[in-house]
Amino acid sequence: MSAPLQIGITGGIGSGKSLVCKIFQCLGVPVYDADSRAKALMTTDGILISQIKKEFGTLSYNTDGTLNRKHIGEAAFGDPDKLKTLDAMVHPRVAANYAQWVGEQSHPYVIKEAALLFEAGSYKSLDKIIVVSAPEPLRVKRVVARDPGRSEQMVRDIIKNQMPESEKTNMADFVVMNDESRLVIPQVLELHKQFMHQN
């Protein structure tokens, strides 16, 4: 049995990449959510736990073994260098976990969903990349609606700190437009048909 085709899905905040992944899941495609896996590995992967404790101190974990988000947030997110250090510890463990996961799949293709697919460099190991695209005002509106704790300005700041969408779409093999002028499902079905026949 040949290894599955590996497809990456990314897009800026509010673009709708999770929605697109849900459609693929409904079609029976295995989806690996790198961002939630990374969070899980920070509390289950022994190697990663010891690296985090060494770098950020034992306060990084609560007594019940859960991540002390407040401590990590203050230690890493306020300092770009510390954040880079944390990312450099987490990414290789996610990559190893993902590789193991791919080996367990029997579908003709799999999907890896990650917000920082290009930024982290993990796109290089994938066969094709899909970028989910939507205009910025619409993305801001969506995030504010789903996450009342964030103001429009906060969302704009997040977008400003992310890789520009134009850069992402230039690097993509496929772009799914989620701009409310085109239906998303037919676009996904078209890709699904292509991927099923490619392997």
*For the range 28-39, name all the residues that are out of contact with any strand residue (DSSP E or B) (no Cβ under 8 Å at 6 or more places or on another chain) and surrounded by 13 or more Cβ atoms within 10 Å (Cβ to Cβ).*
R37, A38
*Subset of the range 136-165 (residues that are closer than 17 Å to V176 by Cβ and over 19 Å from the mean Cα position of the chain (by Cα))*: L138
*Candidates A88, A76, filtered to the one that is in contact with a Lys or Arg (Cβ under 6 Å, 6 or more places away or on another chain) and either aliphatic (A, V, I, L, M) or modelled with pLDDT of 95 or more (or both)*: A76
*Evaluate the following for V102: is it at pLDDT 95 or above, in a helix (DSSP H, G or I) and surrounded by 15 or more Cβ atoms within 10 Å (Cβ to Cβ)?*
yes
*State all residues of the range 110-160 that are crowded, with 20+ Cβ neighbours inside 10 Å and more than 24 Å from F24 (Cα to Cα); if no residue qualifies, say none.*
V140, V155
*Mind listing just one residue for me: the one in the range 161-188 that is assigned to a loop (DSSP other than H, G, I, E, B) and of a type in the set (A, V, I, L, M, F, W, C) and, of those, surrounded by the fewest Cβ atoms within 10 Å (Cβ to Cβ)?*
L183
*Only one residue in R93, R156 is among the charged types (D, E, K, R) and outside the structural domain of K22 (by TED's automatic domain parsing). Which one?*
R93
_Residue match in the range 129-139 (condition: closer than 30 Å to M196 by Cβ and in a loop (DSSP other than H, G, I, E, B))_ = yes
*Is it fair to say L19 is assigned by TED's automatic domain parsing to the domain that holds L138, in contact (Cβ under 8 Å) with a residue 40 or more places away in the chain and assigned to a helix (DSSP H, G or I)?*
yes
*Look at D127 and say whether it is acidic (D, E), under 19 Å from D33 (Cβ atoms) and in the same structural domain as P4 (by TED's automatic domain parsing).*
yes
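The values are calculated or read from the model by the stated rules, or taken from the named source; none is laboratory data. Quantities reported herein were computed from a predicted structural model and do not represent experimental measurements. As a convention, Cβ positions derive from the backbone with ideal geometry for all residues, glycine included, and neighbour counts pool all protein chains shown.
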